[in-house]
Every structure is written in structure tokens, then in C-alpha cells.
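Read through the structure below, which is laid out as C-alpha cells, and then see the notes.
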Amino acid sequence: MVIEPRTEFGYLVPRAVQTTEHRVIPRSWHVAKRVIDICVASLALILTSPIIIVAALAVMATSKGGPFFSQLRIGKDGRSFRIIKLRTMVTGAELMHAELRQFNEVSGPVFKMKNDPRTFPVGRFLRRTSIDELPNFLCVLRGDMSVVGPRPPLPSEVAHYSNYALRRLLVKPGITCSWQISGRSSVHFDEWMDMDNAYVDSWSPLTDLKIVLATIPAVVRARGAH
């Protein structure tokens, strides 16, 4: 399937996948989701700012380069945006991607390695504890992301999506989701897409609340976090 580019990096979601089985979502749910996003993101950034500062200092002390990492991702309706994270890999890590591709340990068009040589000790700790994701709350305040929603993919991943996988772009990407609380990298790609499509077709404020509450123990267990 050929996906027509919207911009240099963004993609249009084909009309064929722009349906949610005739589901009508109350406008109040969208309003509630945005209000909750702003409140939760604001509170999270206030409460975790000391952690982010300490983590940023640790990154700068143990690895050359700045403490934060900005990367292009694909969001709702194929629009591109830049995600903000704490840096967990050495500077120039993206240039090493091609030579490491053969060691990919997960299925689908994504790349994951348990012992990725591009990460450094502090970075591995930040990944395992999901502390590296805390700056994502800035993206929520900006409106590019939601607290709950499918994780935002890379443009190179979206380029290989089927129509079924593209349906996950019908909602805003999130910081946490069903995949995050179900094992992350240990989940097969097809099962991951099933989870995201189920969310697209059935999300509600109550569903979001359940996922948020399940995220804390999932982060503590750190299953599939690499």
C-alpha cells in the first residue's frame, strides 16, 4: 500500500481506515479528555520536576551531549510532531541504526534490543523505570499527545503500516496505553496493533482511567522495558 505524504515527514491516513465502525463519540468525552490531559500533565510535571532535573544532570555527567532528546513522531491523522524525552543513548545513536537492524528482537517494523550497545548505564536505568518518558507531558500540554493513547510511531515505521495498523492514528498518541501495561516490547507486533485498534473502537473516560491506574504497577514491574 502506498501512503501519500502530507509533508516531508507526515502521512495522511487513507480514507479507507477513517472509520470507527460508525461509533458516535459524545463531544463531552473529547472535552473531558482534554481537560484531564491538561490537569494530569501539569500536576505530573510539577511533581516530577525534581526527578527530571536530577536525571538530566546524571545524563550530562555520564554521557557527552545534552540531557534531552527530540525526535520526529507521527500523531493523530498522520500529522508529524516532535516528542521530547530524556536522552538514553549516546550522541549520534541514530547513525548506528542500520548496522544494528539485524539484531532486532521484536516483530513488525519496529526496532528494539534488550542490550542495545548505544545506551549507557544511566540511560538504561531511565528506560527501565520509564523516567525518560516524563518530558512527554510537555507534548500533552502542547496538544500533540494525550495521557492515554497509542504510543507515537516513527515515520519509518508508519511507512510500512497496513491499513489495520494505520487505524491507530485515528486518535491522539499517548504516554501510556494498553500495550504499555501489557508487557511493551515483549508483546508481538500484531497483538500490539490489536490492542491499539481495540482502544480506538472503545475508548472512554472510564477506559482511560483504568489504563492510568494500571500504569503505575506496570512501570514498577518494568516488564518489556528496554
Query raised in the report: For region 129-146, does any single residue satisfy the condition of being closer than 26 Å to ASP77 by Cα, modelled with pLDDT under 95 and aromatic (Phe, Trp, Tyr)?
Result: no
Query raised in the report: For ARG221, all conditions in the list (1) surrounded by fewer than 22 Cβ atoms within 10 Å (Cβ to Cβ); (2) in contact (Cβ under 8 Å) with a residue 12 or more places away in the chain hold save one; what is the number of the exception?
Result: (2)
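Test PRO152 against the stated conditions and say whether it is in contact with a Lys or Arg (Cβ under 7 Å, 6 or more places away or on another chain), farther than 27 Å from LEU100 by Cα and either modelled with pLDDT of 90 or more or surrounded by fewer than 19 Cβ atoms within 10 Å (Cβ to Cβ) (or both).
Details: in contact with a Lys or Arg (Cβ under 7 Å, 6 or more places away or on another chain): yes; farther than 27 Å from LEU100 by Cα: no; either modelled with pLDDT of 90 or more or surrounded by fewer than 19 Cβ atoms within 10 Å (Cβ to Cβ) (or both): yes.
Judged against the criteria, PRO152 is not a match.
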Query - Every pair of residues 6+ apart whose Cβ atoms lie under 7 Å, when the first sits in region 185-211 and is farther than 21 Å from SER162 by Cβ and touching a residue at least 12 places away in the same chain (Cβ under 8 Å) while the second is in a helix (DSSP H, G or I) and small (Gly, Ala, Ser) - result: PRO205/ALA32
Requested in this report: Quickly run through region 83-108 and pick out the residues that are surrounded by 13 or more Cβ atoms within 10 Å (Cβ to Cβ) and of a type in the set (Lys, Arg).
Outcome: LYS85, ARG87
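The values are calculated or read from the model by the stated rules, or taken from the named source; none is laboratory data. Bear in mind that the values here come from a model prediction, so they are computed numbers and not experimental data. Don't worry about glycine lacking a Cβ; one is built from the backbone with ideal geometry, like all the others, and counts go over all protein chains shown.
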